[in-house]
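Since the structure comes first, as structure tokens, the remarks are kept for the end.
The values are calculated or read from the model by the stated rules, or taken from the named source; none is laboratory data. Computed from a predicted model, the values in this text were never measured in an experiment. Glycine gets a Cβ as well: all are built from the backbone with ideal geometry, and neighbour counts include every protein chain shown. Note: accessible area is taken over every heavy atom of the protein model, side chains too, but ligands, DNA and RNA are not part of it. Shrake-Rupley method; radii C 1.70, N 1.55, O 1.52, S 1.80 Å.
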Amino acid sequence: MTTAKSSLGGGIWVTVSRVLAQLIQFVIFMVAARILQPAEFGIFALVAAVIVFLNQLAIAGWSEYILNWQGEVARLRHALFVACVAGAFLAVAGLVMSLPIAMLFKQPAAAPLASILSLSVFFAAVASAYAGVLIWQHKLAASAICPLLGEVINLAVAIPALLSGQGIMALAYGRLAGAVVFCLSAIAIARVAPAFAPQRSIYHEIAHYSWNITLTRLLSAARAYGATLIVGGLMGPAAVGYYRAAQRVIGAFEEIVSEPVRVLTWSFFRKLPRSEPTHATFGPAADRFFPILIYASAPLFVGIAIMADDLVRGILGPDWDAAVPVVQILSIAALIRASGTASIPILSLVGKVKLLPRYMLIYALVTLVCIAVGALFGLIATAVSEIVAALAVFVISAKIMQHHTGMRWTFIFAASWPALPALALSIAVPLVADRYDLLTQVHPLLRFLMLGVAMIIVYLPTLTLCDRTLWSRLSGRDSG
């Protein structure tokens, strides 16, 4: 089986897994939105935003270290041991911080909420490391199924708890249960046990490599969750509820794109020869890889921007209409950010992992400054500031990637021109439906899905007609 076919098959598994996982989270989200008030949802978002930093510290770069390792399996066992220790330590740290978090947000429910979410930190850290082992073992299907099992359990726990009146705690119970199942299933399939390493140099090597990834993840989390904390500080829990709900809707679709992109990037680029100059191998490979990413992400986020009203009403209900324009604006920002997921694996593989934290620091500062300025003028301005930040980050990232890998965004954009006519024709579907009031009697979410499928039916054949090499590239028959 060729590299392209293997990567494509793994990408399909991961994509299907992420789509199903996001559908499950949508169901939880829909039920929670119907039961919880925006202010309650805002409290959950604020506490979760704090705990996520502990989670990112615990996950660190263990998975990336494992994926980058090309030696004996023993080193993977040592990395798993480090992941277990880090997860346990930071879970305890979260439990200790629970009371101060409650005092910070002035909400009694914040303390038990933070405690439960902190417990999930340990299992998330171990699960992330084992997910890296599964990919290292070329078990891409298993790496996709394990987190999906966790989401199924999340659903099975959270929904009954919500319906029984557990409030925001129901969401925490679901997350903890899902993390436990993800962790245990990955351990069972990987069949690799953690092992203590007597040589301190091994831990130094693992920590040294992972530290750069950890800083990158923390700064990325600051970019992602900074808006939640800033909006909460300036506008209060209700505004956080609306804004975080919009972020969650867009974030679900971003994960559908980003997780397959992350796995495919590691799987595809790690097999390139590293003995040759990176500009001779990674540059041409990137020139072939990124147009496919544009083809996949453009119709998704443009479609969301056009049909945001149906999406928000279908998921959250009419009481959340204030989130509609925020979703529309954030979908454009998400489209601009779509290529960024591939940057960390590529820069890691070309030996520039030490540079990631300083780059991410620049990205985080740009994003947080833009959001802080936008938040002074309300929710819409805050969302617009994310577009400004995404554009600035994209320009900086493009220069960095061109310098270190030789990839050419001018070539990539030129090669991606078939997406324009395909998008133009597919966009006509929801516009015509709105013009003639088609499907107005069906549930908004069902209308969104039906029109989305119709867009795909128009988009794919048009794209194939405009780019005759598309399927040969996906199947691996064209090596470029």
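Side notes on the structure shown:
- Among Leu219, Leu438, the sequence by solvent-accessible area, most first, with a 1.4 Å probe is Leu438, Leu219.
- Rounded to the nearest 10 Å², the accessible area of Trp471 at probe 1.4 Å: 130
- Solvent-accessible area per residue for the chain (1.4 angstrom probe, square angstrom): 42
- Kyte-Doolittle at least 1.0, axis length at least 27 Å by Cα - qualifying DSSP helices, the chain: 3-35, 38-59, 74-105, 110-136, 140-163, 168-190, 278-306, 356-375, 379-405, 444-466
- Ordered from largest to smallest accessible area (heavy atoms of protein chains, 1.4 Å probe), the residues Arg468, Arg288 come out as Arg468, Arg288.
- Simple spin-label estimate for Ala207 and Leu104 gives 2.5 nm between the two label positions (7 Å along the Cα-to-Cβ direction from each Cα).
- In percent, rounded to a whole number, the relative contact order of the range 338-458 is 18, using alpha-carbon pairs under 8 Å and six or more apart.
- In the chain, the calculated helix contribution to ellipticity at 222 nm averages -28500 deg cm²/dmol per residue, counting -39,500 (n - 2.57) for every DSSP H run with n ≥ 4.
- Spread over its residues, the convex hull of the C-alpha atoms of the range 220-315 is 122 Å³ per residue.
- If you sort Leu449, Leu376, Leu355 by accessible surface, 1.4 Å probe, largest first, the order is Leu376, Leu449, Leu355.
- Accessible area (Å², 1.4 Å probe, nearest 10) - Val73: 70
- Pairs of alpha carbons in the range 231-384 whose separation is greater than 28 Å (percent): 32
- Fraction of accessible area attributable to carbon and sulfur, the chain (%, probe 1.4 Å): 70
- Other residues lying with their Cβ under 13 Å from the Cβ of Arg34 contribute a combined charge of -1, Lys and Arg counting +1, Asp and Glu -1.
- Taking only the Cα atoms of the chain, the radius of gyration and Dmax are 21.9, 72 Å.
- Accessible-area value, His78, 1.4 Å probe, nucleic acids and ligands omitted, Å²: 30
- Net charge in the neighbourhood of Trp409 (other residues with Cβ under 11 Å of its Cβ; Lys, Arg +1, Asp, Glu -1) is +1.
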